[in-house]
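Have a look at the structure below before the remarks.
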Amino acid sequence: MLEQECLYPDIDGLDPSCSHLLGMQGKELISYLRIVPPGHHFKEPALGRIIVTPENRGGNLGPELIRMGIQLCRKNFPNKAISIEAQFPLQTYYEQFGFVALGPVYQVDNIPHIHMKLEFLDES
């Protein structure tokens, strides 16, 4: 299935260094999120490749996946902010999790994106 009209392979060589969250329904992959460690894409850890199959969007699966990614980042990279390279039309979606837009909109594979960051909050 071709989605987002992106015809380029999404291969960057980072997968072996990353953590991967897989949402399975039986043997079918229905959601996915990748956690990129600090220093690979941004100086802080990053959430990326956040995917929910079209027929599973609109429910709690996407928000649950993002919250799990944030929790894993907090556990594995304590006291660090978390970055995301968000598709610009989804900026307000990620704002509900506390992400804040940084800098201008830019293109990735002809799709507008914006760098967003969730700052570390010391809750002690």
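The values are calculated or read from the model by the stated rules, or taken from the named source; none is laboratory data. Remember, it's a predicted structure, so these values are computed and weren't measured experimentally. Ideal geometry is used to build each Cβ from the backbone, glycine not excepted, and the neighbour counts take in all protein chains shown.
Looking at ARG57, ARG49, can you tell me which residue is within 27 Å of ILE11 (Cβ to Cβ) and touching a Lys or Arg at 6+ places or on another chain (Cβ under 6 Å)?
Answer to the selection: ARG49.
All but one of (1) under 21 Å from TYR106 (Cβ atoms); (2) without any contact (Cβ under 8 Å) to a residue 24 or more places away in the chain; (3) not aromatic (Phe, Trp, Tyr) hold for GLY26, so report the exception by its number.
(1)
For region 29-44, indicate whether the set of residues that are among the charged types (D, E, K, R), surrounded by 15 or more Cβ atoms within 10 Å (Cβ to Cβ), in contact with an Asp or Glu (Cβ under 8 Å, 6 or more places away or on another chain) and not in a loop (DSSP other than H, G, I, E, B) is non-empty.
Yes, region 29-44 contains a residue that is among the charged types (D, E, K, R), surrounded by 15 or more Cβ atoms within 10 Å (Cβ to Cβ), in contact with an Asp or Glu (Cβ under 8 Å, 6 or more places away or on another chain) and not in a loop (DSSP other than H, G, I, E, B).
So is GLY59 in contact with a helix residue (DSSP H, G or I) (Cβ under 9 Å, 6 or more places away or on another chain), in a loop (DSSP other than H, G, I, E, B) and surrounded by fewer than 16 Cβ atoms within 10 Å (Cβ to Cβ) or not?
For GLY59, the condition - in contact with a helix residue (DSSP H, G or I) (Cβ under 9 Å, 6 or more places away or on another chain), in a loop (DSSP other than H, G, I, E, B) and surrounded by fewer than 16 Cβ atoms within 10 Å (Cβ to Cβ) - is not met.
Which residues, taken from region 73-101, are assigned to a strand (DSSP E or B) and either surrounded by 14 or more Cβ atoms within 10 Å (Cβ to Cβ) or modelled with pLDDT under 95 (or both)?
ILE82, SER83, ILE84, GLU85, ALA86, GLN87, ALA101
What is the number of the single condition among (1) surrounded by 11 or more Cβ atoms within 10 Å (Cβ to Cβ); (2) among the small types (Gly, Ala, Ser); (3) at pLDDT 95 or above that GLY48 does not meet?
(3)
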